[in-house]
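Participant: Here it is: the structure, laid out below.
Since every read-out is calculated from the coordinates, none of them should be taken as a lab result. Values in this document were obtained by computation on a predicted structure and should not be read as measured data. Virtual Cβ from ideal backbone geometry, glycine too; neighbours counted across all protein chains shown.
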Amino acid sequence: MQLEQGSDPGPYRADGLLLERPAQNLLANTSLEVNAADWNGLNSYVSVTAAPDFARYGRHGLLVRKLQAGRAATFQPAALVPGRLYTYSAYARLPDGQPITNEVLRGWYYEGTNQPEGVNTALIGERNRPLMRWTAVGGGWYRGHFTFEATENKGLYGLLSTEAVQTGEQYYIDGAQLEAGRHMSSYIDGSLGEGYSWTGEPFASTSERARTTVEYGKTVGQQGACFSGHGPMRPHHTTPRCCSSASCG
């Protein structure tokens with residue numbers, strides 16, 4: 001069980017059993033273990049380097065340093081299917097571990113090109129700078145996500161640092177993920193062990209998670225029951241709570 005702030009449940013965060021659907025991380029080099037290939041900034045407003053200072057996964061994270069004043073995007077390319085929903089998520093950390101909000105970092109994406117040179121800044125609007133839901137995950141790290149509908153078959157996806165991140169200041173990104181659907185799942189990386197795999201070269205290709213299966217070596221009893229309950233997620237709704245059960249065995 002989990003009790004968390006807000007009206008929308010996030011992924012279960014505790015030692016225990018986590019069951020998730022098969023999924024693919026459509027971004028490559030998301031844990032920066034070899035280099036910072038595929039990561040870019042727009043108009044030389046930031047520099048990006050794989051650094052061992054802070055890491056959420058593996059031994060390296062992406063060190064992003066602001067080079068000019070103003071808003072600055074940091075992103076990776078990906079190929080999508082127009083008309084489908086996708087969710088982008090990433091872990092981010094400030095050097096002092098202070099809270100991350102949309103006043104510091106927010107989402108950023110641009111469709112129709114997979115190269116920074118193909119971005120027309122005159123066409124960038126609020127749609128390209130979506131708000132994110134940020135959640136503290138420990139160790140000074142925060143995980144944020146946003147969902148959007150793809151309109152092109154390729155694009156650039158990442159984070160935007162606001163004016164609150166000043167020239168010369170820096171922050172860290174790790175565990176970036178772009179997956180199909182309207183919900184964020186746990187981080188997918190081919191190096192995470194059984195059930196995870198690369199689609200190509202390790203740390204330079206997208207990753208997949210197989211369907212979670214659970215096997216018990218001993219059956220306790222021959223019969224049992226499954227129980228589930230559901231009700232309104234928002235406190236002002238008056239819909240009554242319901243439950244259902246089914247016997248098995």
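Participant: Output needed: percent of Cα pairs per 10 Å distance bin for region 23-209, bins running from 0 to the one holding the longest distance.
Facilitator: 10, 40, 39, 10, 0
Participant: Under a Cβ-Cβ cut-off of 11 Å, what is the net charge of the residues other than V46 that fall near it, where Lys and Arg count +1 and Asp and Glu count -1?
Facilitator: Values: positive: R65, K66, R71; negative: E169.
Its environment carries a net charge of +2.
Participant: Measuring from centroid to centroid over Cα atoms, what is the spacing of region 79-143 and region 24-63 in Å?
Facilitator: Using only Cα atoms to place each centre, the spacing works out to 14 Å.
Participant: Test of understanding: extend the Cα→C-beta vector of D53 to 7 Å, then name every residue of region 85-121 with backbone N under 13 Å from that spot.
Facilitator: The answer is 93-98.
Participant: If the chain between S44 and R84 were fully stretched, how many nm would it gain, using 0.36 nm times the residue separation less the Cα-Cα distance?
Facilitator: On the way: separation 40, 0.36 × 40 = 14.40 nm, distance 3.13 nm.
Gain on extension, S44 to R84, equals 11.3 nm.
Participant: Given the options G97, L62, A79, identify the residue whose Cα lies farthest towards the positive end of the charge dipole of region 23-128 (+1 on Cβ of Lys, Arg; -1 on Cβ of Asp, Glu).
Facilitator: Farthest towards the positive end: G97.
Participant: Then there is this: Counting other Cβ atoms within 10 Å, keep those with at most 11, restrict to DSSP loop, and tell me which GluC sites (Glu not before Pro) in region 111-208 are left. Display every interim value, and only then the final one.
Facilitator: On the way: sites: E111, E117, E126, E149, E152, E163, E169, E179, E194, E208; in loops: E152, E163, E169, E194.
Within region 111-208, the qualifying GluC sites (Glu not before Pro) (loop, at most 11 other Cβ atoms within 10 Å) are E194.
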